[in-house]
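Here's the structure, in structure tokens; my notes come after.
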Ligand SMILES: [Zn+2]
């Protein structure tokens with residue numbers, strides 16, 4: 001890719017040009033403001049993953065964005081993760097709260113709210129969770145590295161090691177499926193990494209040499225079994241255990257973790273997460289953390305650069321634009337807009353006095369997938385003439401036919 005092409009694909013530049021998101025120094029660095037167009041893409045991604053997870057047996061829950069400092073002391077995020085957290089908010093009564101950097105301890109407290117029996121497992125708590133991390137200002141980069149983001153997070157609580165391994169596979173199945181729907185290809189768009197701990201560094205990592213050895217080999221075997229190529233990286237694990245990271249590179253070659261599946265050695269002990277077994281005794285659980293489509297912000301950055309703004313239909317902020325040839329066709333154009341709008345299609349009308357040629361040029365620059373040309377012929381026959389970003393002229397159809405075929409194309413996320 002030439003330097004010019006790289007610049008053209010940069011998500012920060014495209015985000016501005018396509019009016020998807022912005023930043024304000026008054027609001028704060030690293031805190032994106034989403035426009036209606038950008039929010040429309042996010043909404044599609046979020047709905048897609050939430051529906052897919054529910055189909056796959058996840059319980060979607062909601063927990064608060066802040067919690068008492070003590071919760072993160074209990075989980076070990078504080079002090080292990082302190083440098084990436086915002087400082088505590090202390091109330092007049094002397095209670096300290098933290099903006100959460102992770103969802104894990106919230107889900108564990110939810111688990112602890114009632115007793116559990118071996119029959120319930122696995123329990124898969126998922127949440128589109130807003131998280132806050134204090135990244136150094138030099139580290140901030142568009143949507144790829146921000147100070148507040150939404151993670152498609154989950155914690156899978158299991159009753160045995162075999163079940164945990166099975167859930168690692170299921171999480172990877174979901175990640176690969178979701179990547180396929182987003183149009184991301186293994187090898188080309190993303191690669192696998194086994195992120196290991198460092199036995200000598202007991203300050204950074206939870207101390208349990210045998211546990212780390214075992215967990216790392218379980219994750220390694222899982223990837224070998226799937227036949228996916230992967231690299232091994234030392235000193236890249238979470239403080240509580242090793243992980244499989246799915247890595248993606250931005251247009252400038254900067255690599256980041258996009259999605260992750262983690263094996264947790266410490267939380268079942270720290271939170272005393274147990275259940276009643278078929279023998280009537282208390283047993284310790286096994287925990288897998290995973291993000292399915294990662295941080296929505298970071299995934300958006302990758303998608304904007306991958307598609308250079310020409311999103312597939314289901315993700316396009318504007319799916320159809322209506323181009324009346326002259327003023328006398330505007331009334332029919334408004335009717336077409338109303339019908340498509342009611343069908344749940346994101347549609348805009350260009351009723352300006354510009355020539356048709358000029359209207360078509362701007363619809364192409366703005367990478368809108370479909371546009372409809374409406375003139376005398378269309379008004380008298382109550383049809384639309386359909387053109388497409390890549391396919392060119394598609395032909396004439398009745399408004400109903402067009403709406404039905406478009407809805408089908410959106411539904412299948414083709
Ligand atoms: Zn977690």
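Here, each number is a calculation from the coordinates, and none is a lab measurement. Values in this document were obtained by computation on a predicted structure and should not be read as measured data. Note that we place each Cβ from the backbone using ideal geometry, even for glycine, and neighbour counts take in every protein chain shown.
Here are some notes:
- Dimensionless Rg over Rh [the chain; C-alpha; Kirkwood]: 1.04
- Overall Cα dimensions of segment 120-272, principal axis frame, Å, largest first: 40, 34, 30
- Inter-centroid distance (Cα atoms) of segment 82-151 relative to segment 200-221, Å: 23
- Segment 16-57 - Rg and Dmax from Cα coordinates, angstrom: 13.9, 42
- The angle separating the long axis of helix 296-307 from the principal Cα axis of greatest extent in the chain is about 40 degrees.
- Paramagnetic reach from residue 161 (point 7 Å along Cα→Cβ, amide N under 14 Å) across segment 191-224: 209-222
- Debye log10 I(q)/I(0) for segment 336-414, one point scatterer per Cα, at q = 0.15 Å⁻¹: -0.53
- For segment 20-69 versus segment 264-299, the spacing of their alpha-carbon centroids is 23 Å.
- The C-alpha radius of gyration of segment 293-384, expressed as a fraction of 2.2 N^0.38 Å, stands at 1.25.
- Segment residue 282-residue 398, length gained on full extension (0.36 nm per residue, minus Cα span): 35.2 nm
- If you take the Cα centroid of segment 300-365 and the Cα centroid of segment 157-171, the two points sit 46 Å apart.
- As a length-normalised measure over Cα pairs under 8 Å and 6 or more apart, the relative contact order of segment 3-307 settles at 21 percent.
- Potential extension, residue 130-residue 13 segment - 0.36 nm per residue separation minus Cα distance: 39.6 nm
- Counting beta carbons within 10 Å around each of 300, 186, 62, 141 and listing the fewest first gives the order 62, 186, 141, 300.
- The chain - share of DSSP beta bridges that are antiparallel (%, nearest 5): 80
- GNM remark for the chain: springs join alpha carbons under 10 Å apart, and the peak mean-square fluctuation among 203, 305, 387 falls on 203.
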